[in-house]
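First the structure, in the form of structure tokens, and then the observations on it.
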Amino acid sequence: MPVTRTTCPYCGVGCGVSVTRNGIELLPVAGDSEHPSNFGKLCVKGSALHETLGEQRRLLYPQINGARATWEQALDDISARLQKTLREHGPQAVALYLSGQLLTEDYYVANKLWKGFVGSANVDTNSRLCMSSAVAAHVRAFGEDAVPACYEDVELADLVILIGSNSAWAHPVLHQRLLHARKQRPGTKLVVIDPRRTASCDQADLHLPIKPGADAFLFNGLLVYLADNNALNHRYIKEHTRDFDSALSAARASAPTLAAVAEVCGVEVERVEKFFRWFAQTPRTVTLFSQGINQSSSGTDKGNAIINCHLATGRVGLPGASPFSITGQPNAMGGREVGGLANQLAVHRSFEPESIKTVAKFWRAPNIAKTPGLKAVPLFEAIERGDIKFLWILATNPLVSMPEAERWQRALKSCETVIVSDCVRATDTTQFAKILLPAAGWGEKDGTVTSSERTISRQRSFLPCAGEAKPDWWALAEIGKRLGFAHAFNFQNARDVFVEYAALTGINRATPLQLDISELSAINRAQYDALAPFQWPLLNGNGARRLFGDGNFATADKRAHFIAIEPQWPQSIIDKTTPLILNTGRVRDQWHTMTRTAESERLNRHRSEPYLEIHPQDAAVFGLADGEIAEIFNRHSKAWLRVRIEPG
């Protein structure tokens, strides 16, 4: 029976999946024992993937204004609308909104089309809502959005810190790798920093239930503690970093003593001191941080506060010692690599003159964007004002995932042209589309994704496309051709896109930037189909497990930069009208808006709907009972959720 080795479409761990077919029958999926991310292990979502396939809710053919259309009609209409908008309003009036669910090949063609040939940098993604804080923190500290660590470091560390991460539910396979390693090396300590007591705390040696938003105060306090207790790596600071004194001075201003840190964090002094002491005394320390850090009004500063402590001790890119940002979506990293954020140009290049010139020459792009575009929230604000006339949304449902969703419903309703490419027929967003395009889904798509540890893996097709669905890169390339740029978008398959992207990364080879897989720019179709997982950068056939371990960084002076952090409390204010702080979390067995996972009866047994966890004391104050429906609201939005009384 034929077996296809592919990659899971859920979280950023990037697990390998083996799919077996018996004729037309699809057998239960299994973990790929040879994939370096999971070595055959799968979480319950991954193991139920075969239960989520089928055409019952699929978008199967193009539609224009609710009526069935051919692909030719839909693409011609899109092209005509786009050209009309560009003529009448210019490139700043058009935008793409992308997703970490897209494959790298899809992302690459979208970015090239819009920034190089349409001439607009209004290309942003739902990754803005989860990973852009980590991107900015990496760039500020290291000079590039390059994650220094790899999964093996979690197994080699003597101290693992989880902050803003309930990895037991959000990244289960990586969490199990950690727990298995602790059994092999019982001395390894686990610290969980989280306002809630989550499933990740079950095996923790220490839980710090800090006040929501206090993360930067805590790590500023740690930096002060390291300085005051002879735990700094002075040689490393002197030879490989800059601006340490200003970072320490800012830390002292906000977190001068253990007592001050404990008070601002709402945690006992003894717990804070134990955490600080363990960090100071443990050279092999990995700090895993995720959405609880990133999804904050000061998420970038929080990321840099963590990185500062690792730089101060020289623990970056070493075996078992590094800060480690864990990606939320399966290909948020791939999108970041090709430039799928509004403030990026391509392949980790920003909008400085030399990069604009170099990328324009490579693409032979006549209209390359010269300045950054609108990021996600400002982009939707521009739609609301009427400044954006043409919006193409691919592989995401922003009317669920964006903040202030009701506001954006009104904005999309008034937008002249809204196009949605999706594999699901009916979502909150598709109902506002003038044109709907049926996209290939998991099992049908062919391309690559990049995991949290920079591992690029193939996502291979094993099913024919449902109905008239097509790959997203194909639809985007067809628009490029209709705009008169056939020479730049004459891709025949996903391999053609990949090798061009790989070649473009070669412009980084003579620079400090690490992203370079140009060795793969000449692989043929058979080699692409057989491509084994590898980590970038790629040099002489070998991927780099870790980055920056030699103390050389991607900055102009090759030094890492300390960032002076002045912590800010969240914008949410507790008062009589808004008496509660609402934190969000990821459910173990569901994914995003449940359009895929809700198809599995098995996954619905754990949690079949979103819900509101509330402490018993708060439930008593507001008269709430377990299992009933509560309305939650602020000045922007409201929602109705089932109550779960939760002492944690």
- Working only within the range 440-470, note down all residues that are under 20 Å from the mean Cα position of the chain (by Cα), among the polar types (S, T, N, Q) and not in a strand (DSSP E or B). Ser451, Ser452
- Query: Residues of the range 291-326 being among the small types (Gly, Ala, Ser), modelled with pLDDT of 95 or more and assigned to a loop (DSSP other than H, G, I, E, B), which ones?
  - Reply: Gly314, Gly317, Gly320
- Item | Filter result for the condition that a residue is in contact with a Cys (Cβ under 9 Å, 6 or more places away or on another chain) and either under 29 Å from Lys638 (Cα atoms) or part of a helix (DSSP H, G or I) (or both), over Ile393, Ile419, Ile356, Ile383 | Ile383
- Query: Can you name the condition, by its number, that Arg602 falls short on among (1) surrounded by 15 or more Cβ atoms within 10 Å (Cβ to Cβ); (2) in a helix (DSSP H, G or I); (3) of a type in the set (Lys, Arg)?
  - Reply: (1)
- Any hit, the range 444-454, residues being among the charged types (D, E, K, R), in contact (Cβ under 8 Å) with a residue 12 or more places away in the chain and over 29 Å from Gln535 (Cβ atoms): no
- Hits in the range 260-303 - residues which are of a type in the set (Lys, Arg) and without any contact (Cβ under 8 Å) to a residue 60 or more places away in the chain: Arg277
- Message: Can you tell me how many residues within the range 118-158 are touching a helix residue (DSSP H, G or I) at 6+ places or on another chain (Cβ under 9 Å), open to solvent by less than 10 Å² (accessible area, probe 1.4 Å) and not in a helix (DSSP H, G or I)?
- Response: 13
- Item | Close pairs from the range 540-553: first within 13 Å of Phe142 (Cβ to Cβ) and assigned to a loop (DSSP other than H, G, I, E, B), partner modelled with pLDDT under 95 and not hydroxyl-bearing (Ser, Thr, Tyr), Cβ under 7 Å, at least 6 apart | none
- Query: Are any residues in the range 200-221 within 22 Å of the chain's Cα centre (by Cα) and open to solvent by 20 Å² or more (accessible area, probe 1.4 Å), and if so, which ones?
  - Reply: Pro212
- List the number of the failed condition for Leu437; all other conditions in (1) assigned to a helix (DSSP H, G or I); (2) in contact (Cβ under 8 Å) with a residue 60 or more places away in the chain hold. (1)
- Task: Consider only pairs whose beta carbons are under 6 Å apart and that are at least six residues apart or on different chains; among these, list those whose first residue lies in the range 47-72 and is among the hydroxyl-bearing types (Ser, Thr, Tyr) and whose second residue is open to solvent by 40 Å² or more (accessible area, probe 1.4 Å).
- Result: Thr52/Arg596; Thr52/Glu599; Tyr61/Arg68; Tyr61/Gly467; Tyr61/Glu468
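The values are calculated or read from the model by the stated rules, or taken from the named source; none is laboratory data. Small disclaimer: the values here were computed from a predicted structure and weren't measured. All Cβ positions, glycine included, derive from the backbone under ideal geometry; neighbour counts span all protein chains shown. For the accessible areas, the whole protein counts, side chains as well, though only heavy atoms, and no ligand, DNA or RNA atoms are used. Shrake-Rupley method; radii C 1.70, N 1.55, O 1.52, S 1.80 Å.
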